[in-house]
Amino acid sequence: MDALDQFKRKWKDQSKNFIQYDKEEIIDILKRKSSNLVKWIFVFGVLEFALWASLSLVFRDQSFNELSNSEIFSNFSIGLELLSFGILGYFLVVFYRNYNRISMVDNTQQLMSKILKTRKTVRLYVTLNLLLLFIGTFTSLILLVNYDPEIVATIKDIQAMQPDKSFYLRLALVTIVVLIAAAMLILLIYWLTYGTLLRRLKANYKLLQETED
């Protein structure tokens, strides 16, 4: 027991050399860190918006003219582009509001609630982007195959040489493989950007839980 008592005394003496924080100071530190993380979520969203807007302006007319002569496909592409920017713009507003709200919270429960809401918002944003990618790609493919004059003629020539239905099966398989590869790439990028910030927010949430307990 003497050795144990000596160890406890040494531990207490060493702990005095570290900076001691009370509960309110810890909460304030976590609040500033969380606010900064949400700010970076908003910044990444702005950069993503700027990137897609720049690519759209550069390739819009050329890609439409070279990819298809179908008016239906062109109109769908424009609508899909507007929808994509609408979703991104909406989430930019939500990200900015989350940043402002976390900056102004007053207590632990409010801060924890805002952190959870921010994480759910980012996950919803990523999920919608992936759904838009899959739905937009398959719909575009269906429109091209059925309404683009040159593609319809090419398919007829292929079917004349290969009467079976394997062409559509191969086309569907290739599309699925390409989509999965694209989705994995997007998820990797989001994991390195938004995912890193969300993991840090989760760590802050756990610390706030421990502080509250």
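Orientation-averaged projection of the range 132-213 equals 7.8 nm² [convex hull of Cα atoms, one quarter of hull surface area].
Can you check what the net charge comes to around F44, using other residues whose Cβ is under 15 Å from the Cβ of F44 (Lys, Arg +1; Asp, Glu -1)?
Charge balance near F44 sits at +4.
Grouping the Cα pair distances of the range 26-212 into 10 Å bins from zero gives a pair-distance distribution of 8, 28, 26, 17, 12, 7, 2, 0 percent in increasing distance order. Pairs of Lys residues in the range 26-212, spaced 8 or more positions apart or belonging to different chains, with C-alpha separations under 25 angstrom: 23 in total.
Every read-out reported here was derived from the displayed coordinates using simple, explicitly stated rules and does not represent laboratory data. This one's a predicted model, so the numbers in the text were calculated from it and none came from an experiment. Quick reminder, even Gly has a Cβ in these numbers, built from the backbone with ideal geometry, and neighbours come from all protein chains shown.
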